[in-house]
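**Student:** Here you go, one structure.
The values are calculated or read from the model by the stated rules, or taken from the named source; none is laboratory data. This is a predicted model, so every value here is computed, not measured. Backbone-built Cβ (ideal geometry, glycine too); neighbour counts: all protein chains shown. The protein model used for the area step is the full one, side chains on, heavy atoms only, and it has no ligands, DNA or RNA in it. Shrake-Rupley method; radii C 1.70, N 1.55, O 1.52, S 1.80 Å.
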Amino acid sequence: MPSPLTCPAADAGPDAGIERQRAAIAELERALWAGGLNEAPLAPCQAAYRQLEASLVERHEERHGFVVVIPVADNPRQTRACLDSLLELCRAFGYGGMSDGRYRKVRVLLADDSRDAAAMAAHRALAGDFTGQGLAVEYFGLGEQLALLDSLEPAADLAGIVGVHAREAFAHKGQAMTRNIAYLRFAGMAARDPRLLCLTVDGDQVFKVKVATPAGAREVCAVNFLYHLDEIFRRADVRVLTGKVVGDPPVSPAVMAGNFLDDVIGFLSEMARAEPGRPYRQPVLDTRGSGDAAYHDMADLFGFRNAADAYRFHCDAPGDGRAGPSNTDCFAAFSRRLHSFFHGEHPTRVTWYSHSDALASLQPARTVYTGNYVFRPEALDWFIPFAPLRLRMSGPTMGRMLRAEMGGGFVAANLPMLHRRTVADTGASEFRPDILVRQGEIDLCGEFERQFHGDVMLFAMERLTERGFPGRTPEEVEIDAILEAMQVEMGEKYRAWHRAIRDKLAVMEGLLGEPARWWNRADELVEARENFRAFAANLEHNFGAGSPCLANIASASRRADWRARQRAAIAGFRRDREAWRRALAALAP
């Protein structure tokens, strides 16, 4: 035998070439994220990934294909931004390469739940536009959804999964029911190609991350989402993987008012000590709490710590170009951001991306972020449970059930998407269910009630899974007792939280209304004062002592109705799952 010194080099084969490319990418990524974000290596890193993809295509290496399911509803501007970012991701990193002018391993299922005809036409046009640019997008509108469901009747009664709707009122079902119908369409695709993965995202998200840098916030296409997901699903025994979001919080404004009031009070207290014409004391971008749900008033319920200190406002007003914006400039700028809070933006507590290796970041999960999760076809026996209830917290509730059944097959990874609740020029959501805007008044009561009973469902589910659910279905009397106990427990927490909000609201109004304050004497701040007054009035409407939102969740009859519906949904879950499996069988070739 030849000695090792005379053998051909161990890295002479094609596998070694691939590994050298991967090693070079790893070095570039270390440089990219060293100490934060260094943008100089970004373009070379993207180019290196494209070269690697070309090598993998040349070797015919087996890779997962992705069907990206995006439920949309009357939000074509946000949908375009989402699709733009996916196309940018494909161009930047080249996952799977191209064939006949199309990205070979990526396709989009645009599941339209719009009611507005113009929005539906715009979404259909977007599908054609992006398909023409190389990103295959299938428009899956109301007609296509109904046709698919019609094809499954009477084989499966899916009422507990996709709801019961008049054909002429099939729109605005909500993200959960729309996703469940889209998963049936994915099932048909996966029957022909078992290496497909279903990645489902929200239309108000983009395939970028938000990073805090010394120069300010940056939104960058710097994470090769599809490559990392393919690696994880090839290397790890994973059935369902969830990411998270950065940027705007994934929760309702109904559970963010307390800590935002802390920040508003902190801002006004700082302004009261400042001189109006002096430069604003700009904070360093505050990255505290990015992994701890610092935006959530009841973060302690979910095992996170509550942030004790106020977060300062980072002002992006232009100023005079030398000293930066003045205190007057930033008082006005902050006032203009207050409206966006009611549409889901948190002006002071942004979630930032912190880099870590995606494969190394894998950990057991307990929450599904329904706007960012991926699953194998073998996990298609799971749909989003209890979707017709349209509760908030459906993802955390589903996550507890997946954890109980899948154990280590359900994981989380550091692959967050950038979440943008609002449209820049309006500061409002393009479409948001259960947030009503009437002549300046913003009513959160619908979302507030869905949040409260979603919390009840989530923590009831924790107790049910401890007792063997979903493998064992308790008697309805046991389910009812757990739900009722959670209504009482959550009701006490909500009442204590709302008392604290009312106390904070009084402090804020006291700071605002004092006549001697400089902002009450400045002619140029008339609009800003009105913005603060409108903010205070909307907080009072939704959280004050006479709030109809609080009356709704305190109503004994409404609680009894919700409890009956939740009890029936939980008791019927096994039946719904059997119906779902019959539907999947009917879609098999």
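**Student:** Sort through 567, 533 and tell me the only one that's surrounded by 13 or more Cβ atoms within 10 Å (Cβ to Cβ), charged (D, E, K, R) and farther than 30 Å from residue 278 by Cβ.
**Tutor:** The match here is 567.
**Student:** If you check 470, 433, 388, 396, which single one turns out to be within 16 Å of the chain's Cα centre (by Cα), farther than 30 Å from residue 355 by Cα and open to solvent by 10 Å² or more (accessible area, probe 1.4 Å)?
**Tutor:** 433
**Student:** Further question on the same structure: Please determine whether any residue of segment 253-262 is open to solvent by less than 20 Å² (accessible area, probe 1.4 Å), among the charged types (D, E, K, R) and more than 22 Å from the chain's Cα centre (by Cα). Lay out the reasoning, then the answer.
**Tutor:** Going residue by residue through segment 253-262, those that are open to solvent by less than 20 Å² (accessible area, probe 1.4 Å) are 253-261.
Among the residues that remain, those that are also among the charged types (D, E, K, R) are: none.
No: zero hits.
**Student:** How many residues does segment 160-173 contain that are part of a loop (DSSP other than H, G, I, E, B) and open to solvent by 20 Å² or more (accessible area, probe 1.4 Å)?
**Tutor:** 4
**Student:** Still on this structure: Condition check: within 25 Å of residue 420 (Cβ to Cβ), part of a strand (DSSP E or B), at pLDDT below 95 and touching a Leu at 6+ places or on another chain (Cβ under 7 Å). Does residue 137 satisfy that? Quick ask: steps written out before the conclusion?
**Tutor:** Values: within 25 Å of residue 420 (Cβ to Cβ): yes; part of a strand (DSSP E or B): yes; at pLDDT below 95: no; touching a Leu at 6+ places or on another chain (Cβ under 7 Å): yes.
When the stated conditions are applied, residue 137 does not pass them.
**Student:** Just wondering, is there one or more residues in segment 223-231 that are open to solvent by less than 30 Å² (accessible area, probe 1.4 Å), farther than 25 Å from residue 349 by Cα and in a loop (DSSP other than H, G, I, E, B)?
**Tutor:** The answer is yes; a qualifying residue exists.
**Student:** Quick test of your reading of the structure: residue 441 fulfils all but one of (1) at pLDDT 90 or above; (2) surrounded by fewer than 17 Cβ atoms within 10 Å (Cβ to Cβ). Name the failing condition by number.
**Tutor:** Every condition holds for residue 441 apart from (1).
**Student:** Starting from residues that are in contact (Cβ under 8 Å) with a residue 24 or more places away in the chain and open to solvent by 70 Å² or more (accessible area, probe 1.4 Å), keep the ones in segment 496-513 and report whichever is nearest to residue 256 (Cα to Cα).
**Tutor:** Only one residue fits best here, namely 502.
**Student:** Could you list, in sequence order, all residues of segment 536-564 that are crowded, with 19+ Cβ neighbours inside 10 Å, farther than 18 Å from residue 438 by Cβ and of a type in the set (A, V, I, L, M)?
**Tutor:** 550, 553
**Student:** Please return the ranges of strands (runs of 3 or more DSSP E) entirely within segment 377-472 where 3 or more residues are closer than 16 Å to residue 366 by Cα.
**Tutor:** Numbers: elements: 410-412, 417-419, 436-438, 441-443.
Strands (runs of 3 or more DSSP E) meeting the threshold: 410-412.
Residue by residue, here is whether (1) β-branched (Val, Ile, Thr); (2) open to solvent by 10 Å² or more (accessible area, probe 1.4 Å) holds:
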| position | (1), (2) |
| --- | --- |
| 62 | no, yes |
| 70 | yes, no |
| 74 | no, yes |
| 82 | no, no |
| 116 | no, yes |
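**Student:** Here's a follow-up. Of (1) without any contact (Cβ under 8 Å) to a residue 60 or more places away in the chain; (2) touching a Cys at 6+ places or on another chain (Cβ under 9 Å); (3) of a type outside the set (Gly, Ala, Ser), residue 489 satisfies all except one. Which?
**Tutor:** (2)
**Student:** Being open to solvent by less than 10 Å² (accessible area, probe 1.4 Å) and of a type in the set (Gly, Ala, Ser) is true for just one of 379, 323. Which residue is that?
**Tutor:** 379
**Student:** Is it true that some residue in segment 389-408 is over 20 Å from residue 457 (Cβ atoms), at pLDDT 90 or above and small (Gly, Ala, Ser)?
**Tutor:** For segment 389-408, residues over 20 Å from residue 457 (Cβ atoms), at pLDDT 90 or above and small (Gly, Ala, Ser): present.
**Student:** Right, next: Determine which member of the set 528, 522 is surrounded by 15 or more Cβ atoms within 10 Å (Cβ to Cβ), at pLDDT 95 or above and under 30 Å from residue 326 (Cα atoms).
**Tutor:** Only one candidate qualifies: 528.
**Student:** Quick check on segment 199-220: of everything there that is touching a Ser or Thr at 6+ places or on another chain (Cβ under 7 Å) and assigned to a loop (DSSP other than H, G, I, E, B), which residue is most open to solvent (accessible area, probe 1.4 Å)?
**Tutor:** Going through the qualifying residues, I end up with 208.
**Student:** State yes or no: is residue 92 of a type in the set (Gly, Ala, Ser) and either open to solvent by 20 Å² or more (accessible area, probe 1.4 Å) or under 21 Å from the mean Cα position of the chain (by Cα) (or both)?
**Tutor:** So residue 92 does not fit the description; no.
**Student:** Which residue pairs have Cβ atoms under 7 Å apart, sit 6 or more places apart or on different chains, and have a first residue in segment 82-95 that is farther than 14 Å from residue 131 by Cα and a second that is among the acidic types (Asp, Glu)?
**Tutor:** Hits for this filter: 94/53; 95/53.
**Student:** Checking the conditions here, which among 32, 56, 37, 87 is touching a Cys at 6+ places or on another chain (Cβ under 6 Å), surrounded by 15 or more Cβ atoms within 10 Å (Cβ to Cβ) and either at pLDDT below 95 or not polar (S, T, N, Q) (or both)?
**Tutor:** The unique qualifying residue is 32.
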